[in-house]
Amino acid sequence: MELSTTKVPSQDQVLGLYDSVGWSSYTDQPDLLAKAHSNSDFLVYAYDENQELIGLARAISDDATICYLQDILVHPNAQRTGTGRELFSAVRKRFEHLRQFVLITDDEPKQRAFYESMGLTEGSDFEHGFIRVFVQFSN
């Protein structure tokens, strides 16, 4: 597995990856996804030994205080191989100087276990005071 921030995959490769994990809200609007990627502050891609795109992570940051990990996804055939861990670590390393690292994810036990193994704390479990998260989704 190889990580790269400079070897940018084609839009078809990106759409195929998002499609493989069932993120149709992205694949239904490919132009919007392309704009989201081009406006992101940091993208890192994972390729297998055949140079096929198997994962990516995308972050948004002010590069002063906060980083928001917007997307991290790994093709189902490459899950549980350390790819997600490597992608996550690449984002954390890039923004290690920041005070806040934020992520919103599905309410699934496997996601919670993964992110806790990477050192994150769910907001309701934060021991240094209570954290409240507010979200608004639009159609």
### Query
Once you list every other residue whose beta carbon is under 12 Å from the beta carbon of V21, what net charge do they have if Lys and Arg are +1 and Asp and Glu are -1?
-3
### Message
Compute, for the chain, the length of the dipole vector about the Cα centre, with Cβ point charges of +1 (Lys, Arg) and -1 (Asp, Glu) only. Units Debye, rounded to 20.
### Response
300 debye
### Query
Toward the positive end of the charge dipole of the chain, about the Cα centre and with charges on Cβ (Lys, Arg +1; Asp, Glu -1), which of V135, V91, G55 goes farthest?
V91
#### Entry: Expected 222 nm ellipticity per residue - DSSP helices of 4 or more, -39500 (n - 2.57), all of the chain, to 500
-9000 deg cm²/dmol
### Query
Measuring from label point to label point, each 7 Å out along Cα→Cβ, what is the F130 to N77 span in nm?
4.8 nm
### Message
I need the calculated FRET efficiency for the pair S25 and E49, taking r as the beta carbon distance and R₀ as 22 Å, to the nearest 0.05.
### Response
0.10
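Only the coordinates and a few stated rules stand behind these numbers; no lab work does. Quick caveat, the model's predicted, so the values are computed rather than measured. When we count neighbours, we look across all protein chains shown, and the Cβ atoms used for this are built from the backbone with ideal geometry, even at glycine.
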